[in-house]
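S.K.: Can you read through this structure? Questions will come right after.
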Amino acid sequence: MTYLVVIEKGENSFGAYVPDLPGCAVVGETRDEALQLIREAVDLHISSLKEHGETLPEPASTTEYVQV
């Protein structure tokens, strides 16, 4: 499955989260670190869902850009 990851630049860090996996979010000092951490977080999140017999959410989020 392919999940959308949103990356946001803060004043001193980068945050990343997966809209289709509530609670799956990380903060890193750099964009690359945030991406590495969110990959690990997704793996852990999915493993935990499977361990507890829960259904994996289907990827449903998409992106679109609006030019102004």
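Each value in this text was obtained by applying a stated rule to the coordinates, not by laboratory testing. Computed from a prediction, not measured in an experiment: that's the story for all the values here. Neighbour counts run over all protein chains shown; Cβ positions are idealised from the backbone, glycine included.
S.K.: Loop only per DSSP, at most 12 neighbouring Cβ atoms within 10 Å: give me the chymotrypsin sites (Phe, Trp or Tyr not before Pro) in segment 14-68, ordered by residue number.
M.R.: The qualifying sites are 65.
S.K.: If you don't mind, another one. Whole number please: convex hull volume per residue of the Cα set in segment 15-68, in Å³?
M.R.: Value for segment 15-68: 90 Å³ per residue.
S.K.: Here's something else I'd like to know. Explain nothing, just the number: dipole magnitude of the chain about its Cα centre with +1 on each Lys and Arg Cβ and -1 on each Asp and Glu Cβ, in debye rounded to the nearest 20. The partial results should precede the final answer.
M.R.: Values: 4 positive and 12 negative charges, 13 e Å.
Computed about the Cα centre, the dipole is about 60 debye.
S.K.: Near the amide H of residue 3, under 5 Å away, which other amide H atoms are found, from residues 5 or more places off or on another chain, if H is placed in the peptide plane?
M.R.: Counting only residues 5 or more places away or on other chains, the set is empty.
S.K.: Relative contact order (percent) for the chain, with alpha-carbon contacts under 8 angstrom and 6 or more residues of separation?
M.R.: Details: 89 pairs, mean separation 19.5, N = 68.
Computed value for the chain: 29 percent relative contact order.
S.K.: Something else now. Each residue of segment 14-25 in order: what ³J(HN,Hα) in whole Hz does its phi give by Karplus 6.51 cos²θ - 1.76 cosθ + 1.60, θ = phi - 60°, with x for Gly and Pro?
M.R.: 10, x, 9, 8, 10, x, 7, 10, x, x, 8, 8
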